[in-house]
Amino acid sequence: MPSTTGTVQDGVRITRLYAGAIDEDGACRSSSLTMEFEVTNPAAHAMTYTIVFDARGYTGASRVMGPVGPGRTVRGRVAMTRDHGDLAGGTSVSIMSVRSVPSAEAPAPGGPCPASGVRVYADQGDAAMGLRVVGLHLENCGTEPYTVEGRPELEIVDADHERVRGIRILPSAQVAQLGGPPDVVRPVTLRPGERALSGITWRNTVQAVGGAVNAPYLRVRAKAGAAPVTLTPELDLGTTGRLGVDAWRKED
């Protein structure tokens, strides 16, 4: 098997590649491929990384690593299973993508409740005919009621973690008519355990003029003054210059 160790992308380096993997009962699965890697954080604050790997003839795999302290290097391992693909000529592996967000702003859809008392996270979304729709979810995991009114505050962030300017953030109906419940701004009070739903909508149309905007990150505040959460919806906004957002409504 040809070695591709040493492959580096955005602070992630593949350090070892070998056939087989050890499962939970200690048995070796020869139909698997194991990759060892390390992540180095050059930032001045802790970061949480999501890394997607690919290998020809094997299923892809992703790993979340973090928090990784400033200047620290951590090591990880990921196993991929044969998908009966063609292995003629050997297996080539690659780092498909590396995304990193400040650990203090990483979404927490499960586990301990954040200090803010609420969780903000995104779903997998839907894409069809150049239209993208991603749901934004707000859960009150605290012990007191939590009230929002209107639309979440959004900040678009590029791959270099710089704010993207010049994009108009509008009610979603001004980007696409999707039907569904009325998009009405009103107070929404969540008791502990209750959830609210918003969403973002955009088109990836590219016109003959202007540069296309591709920004992986979206910094979300449930309301003005709330602690930010950085999501990774992979915004391919084309040259539209617009991002739609719904008002919060209580989720059934």
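The values are calculated or read from the model by the stated rules, or taken from the named source; none is laboratory data. Please read all numbers here as calculations on a predicted model, not as lab measurements. Don't worry about glycine lacking a Cβ; one is built from the backbone with ideal geometry, like all the others, and counts go over all protein chains shown. For accessibility, only protein heavy atoms count, side chains too; no ligands or nucleic acids. Shrake-Rupley method; radii C 1.70, N 1.55, O 1.52, S 1.80 Å.
Observations, loosely collected:
- Cut-off 11 Å between beta-carbons: net charge of the residues surrounding Ala159, Lys and Arg +1, Asp and Glu -1: -4
- Summed residue charge, Cβ within 15 Å of His137's Cβ, Lys/Arg positive, Asp/Glu negative: 0
- Solvent-accessible surface (1.4 angstrom probe) belonging to Thr143, in square angstrom, nearest 10: 120
- Normalised by the number of residues in the chain, the mean separation of alpha-carbon contacts (under 8 Å, six or more apart) gives a relative contact order of 16 percent.
- Normalising the average separation of contacting C-alpha pairs (under 8 angstrom, six or more residues apart) by the number of residues puts the relative contact order of segment 149-203 at 44 percent.
- Note on Leu131/Arg186: beta-carbon distance plugged into 1/(1 + (r/R0)^6) with R0 of 45 Å gives a FRET efficiency of 0.95.
- Residue among Pro182, Asn204, Gly193 farthest towards the positive dipole end of segment 148-209, charges placed on Cβ: Pro182
- Based on C-alpha pairs under 8 angstrom that are at least 6 apart in sequence, segment 105-252 has a relative contact order of 32 percent.
- If the segment from Ala79 to Arg168 were pulled out straight at 0.36 nm per residue, it would be longer than the present Cα-Cα gap by 27.8 nm.
- Cα shape, segment 96-252, gyration tensor, a/c 1.5 rule: oblate
- Accessible surface, 1.4 Å probe, highest first, among residues Val164, Val185, Val52, Val148: Val185, Val52, Val164, Val148
- Here the gap between Thr50 and Arg16, fully extended at 0.36 nm per residue and compared with their Cα-Cα distance, gives a gain of 10.3 nm.
- Across the options Thr230, Gly76, Val98, the greatest Cα extent toward the positive end of the charge dipole of the chain (unit charges at beta carbon of Lys, Arg, Asp, Glu) belongs to Thr230.
- Largest to smallest accessible area among Arg191, Arg249, Arg16 [probe 1.4 Å]: Arg191, Arg16, Arg249
- Long-range amide H partners of Thr7 with built H, under 5 Å: Ile14
- Charge sum, other residues only, whose C-beta stays under 15 Å from Val39's C-beta, Lys/Arg counted +1 and Asp/Glu -1: +4
- Net dipole in debye of the chain [+1 Lys, Arg Cβ; -1 Asp, Glu Cβ; about Cα centre; nearest 20]: 380
- Loop sites in segment 109-203: trypsin sites (Lys or Arg not before Pro), DSSP, at most 11 other Cβ within 10 Å: Arg165
- When the solvent-accessible area of segment 138-209 is split by element, carbon and sulfur atoms take up 47 percent of it, the probe being 1.4 Å.
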